Amino acid sequence: MRSYKKGILLYGLIFLGIYICFRFTYAWYMNPSSCKRCHEVARYRISWEESSHKDLDCKFCHENRGPFHRLDSTFRGLRDVAIHIKGDYFSLKAIYYDSNCINCHTGNFKPETNGTILPKNHAKYLKNGVGCNNCHRDTGHKNGLNVDERFEELED
């Protein structure tokens, strides 16, 4: 019986240690100061500081929502650090989520509901799979990121 309690205590301490390390890396990777450290993203950081979204943390646009969002963001952050160390900058690609834009600009995210409300005519674009950055490519970063050709195919 005693070894059973020791085993539970040992596994609990191991889990706690892993969880603390995970939370530390998440907090370090998901704030603008960590993004500023890499020279590859300097132009994006500068344009973000001049944008209307400068008061939002990176995670409001670049982090998925859901039960495993922190885990996903931490692994992407670790991947980006590995890319930075290897010097393979061409495989570095920022991910943003249209659902974050939509939820913020429909007032569904708290406390960042200060964004302008999404006009009703945007529903047709969203239903056709047109991403927010197709029209608003200079919103977060003035560099036209993640623009695809689907917007050109839409008819008015």
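Any read-out appearing in this document is the output of simple, stated calculations on the displayed coordinates, not a laboratory observation. The structure presented is a predicted model; accordingly, all values stated were derived computationally and were not measured. Here the Cβ is made from the backbone with ideal geometry for all residues, glycine too, and neighbour counts use every protein chain on show.
Structure notes:
- For the stretch 59-105, trypsin sites (Lys or Arg not before Pro) are listed when DSSP marks them as loop and at most 14 other Cβ atoms sit within 10 Å of their Cβ; the list is R65, K93.
- Residue pairs, from the table K54/K124; K6/K59; K54/K127, whose Cα atoms sit over 31 Å apart: K6/K59
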